[in-house]
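Scroll down for the structure; my scribbles are underneath it.
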Amino acid sequence: MLKIAAVGLVVALGSMVAPRASAADKVNVVATTEDLASLAREVGGDRIDVESLARGYQDPHFVEPKPSFILKLNKADLLIAVGRELEIGWLPPLITQSRNPKVQPGGAGYLDASLTVKILELPTGQITRAMGDVHPQGNPHYWLDPGNGRRVALAIQQKLSQMRPADASYFAGRYADFDKRLSAAEKRWDGQMAPFKGLKLVTYHRSWPNFADRFGLDVVGYVEPRPGIPPSPSHTLELMQEMKRQGIKVILVEPYFDLKTPNAIARDTGATVLVMAPSVGGEKEITDYIKLFDYDINMLVAALKQSGAK
Ligand SMILES: [Zn+2]
C-alpha cells in the first residue's frame with residue numbers, strides 16, 4: 001500500500017514537472033517600465049514571459065517598491081532597465097534584495113536599454129544632482145522617439161539571442177517584423193505631424209525632448225523649475241510671461257502631475273492643457289509601443305487643429 005502510494009507520488013510529480021520543463025525554457029523577463037515590456041514582447045513573442053514593475057500611469061522616477069517586485073526579480077532571467085538613473089530612487093535596493101546574481105548590474109541577465117540609444121540633454125562637465133535634478137545623466141525619457149524604440153528592440157533581440165541561441169532566428173524574425181510595422185507607423189505619424197513643424201509648446205516635466213526632436217516640435221519651457229522639482233510661484237510667473245511673449249498655446253502634462261499649476265497657467269495665458277501619456281499603459285487603450293504614439297499623436301493633432309495653433 002505504501003509502495004503504491006510512493007509510486008503514485010512519483011507519477012504525480014513527474015506529470016507536474018513535465019509541463020514546467022517547457023515553461024522553464026521561456027526566458028523570464030522583468031522590465032522596469034511597460035514601454036520596455038512592450039518592446040520585449042514584440043521581439044520575444046511566445047519564447048519569453050514578460051512583466052513590468054512600474055505601471056504606465058505612474059511617474060517612473062518615483063515608483064513605490066512592493067515586496068512582489070523582489071519576488072519577480074528573484075525569478076527573473078533577464079532584467080531590462082531604462083537606465084540613466086531613471087529608476088535610481090527605487091530599483092537598486094530591490095535588485096539587491098532579490099539575491100539573484102543574474103540581474104545585478106553587470107550580470108549576464110541585466111540589460112541597460114539606454115546604452116545603444118540617442119540620449120539628449122547630456123550634461124557637460126561634472127555630473128551633479130544640483131538642486132535635486134533627477135536627470136543627472138542626460139534625459140532618460142528617450143523611448144519617446146520611435147527610433148530609440150527600434151534601437152532598444154534590437155538590443156533586446158541581441159540579448160535574447162545570446163541567452164537562447166537556438167531561438168536566435170525566431171527573435172531576428174520578430175524584430176524584422178516589428179521594424180517593418182514601426183517604419184510604416186512612422187510614415188503615418190510624420191504625415192500627421194508635418195503641418196506643425198516648429199510648433200512651440202511648454203511641458204510639465206522634461207519627458208518630451210526626444211519626442212519633440214523626432215517630430216519637429218520646440219519645447220520652450222517647463223512647469224517644473226528643474227526636473228523633479230515642483231513648480232514655484234516665481235518660476236510660474238516667469239513661464240507665463242515667456243508664454244505670452246512667444247504666443248505659446250499648448251501645455252503638455254504627464255498624467256501623474258497635479259493639474260493645479262498648469263490650469264492656472266492656462267487661464268492666464270489662454271493656452272490649452274493636454275494630458276498626454278508618456279508610457280504604454282498610461283491610458284487603457286495604449287496596450288503597446290506603437291499604440292502609444294498613435295494615441296499621443298492623434299490627441300495632439302486633434303487639439304492643435306482645434307486651437308488653430310501653428
Ligand atoms: Zn524625468
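Just so you know, all these numbers are worked out from the coordinates, no wet-lab data involved. Quick caveat: nothing in here was measured; it's all calculated off a predicted structure. Ideal geometry is used to build each Cβ from the backbone, glycine not excepted, and the neighbour counts take in all protein chains shown.
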Number of Lys-Lys pairs in the range 117-260 under 23 Å by Cα, sequence gap 8 or more or different chains?
15
Whole angstrom only: what separates the Cα centroid of the range 97-170 from the Cα centroid of the range 181-215?
22
Mean projection area, nm², convex hull over Cα of the range 159-278:
9.5
Rounding to the nearest 20 debye, state how big the charge dipole of the chain is about its Cα centre with +1 on each Lys and Arg Cβ and -1 on each Asp and Glu Cβ.
340
Setting aside same-chain residues fewer than 8 positions from LYS72, which aspartates and glutamates have a Cα under 19 Å from its Cα?
ASP25, GLU34, ASP35, ASP46, ASP49, GLU51, GLU64, GLU87, ASP112
Relative contact order for the range 105-224: what percent, with Cα pairs under 8 Å and sequence separation of 6 or more?
23
Applied in sequence order to the range 73-89, the curve 6.51 cos²θ - 1.76 cosθ + 1.60 (Karplus, θ = phi - 60°) yields integer Hz couplings, x standing for Gly and Pro, of 5, 4, 8, 6, 8, 9, 10, 10, 10, 5, x, 6, 6, 4, 9, 4, x
Check which residues have an amide H placed less than 5 Å from TYR110's amide H, if you skip close sequence neighbours.
LEU79
At a temperature of 37 °C and a viscosity of 0.692 mPa s, determine how fast the chain diffuses translationally according to Stokes-Einstein, using the Kirkwood radius over alpha-carbon pairs as Rh; express D in µm²/s, rounded to the nearest whole number.
155
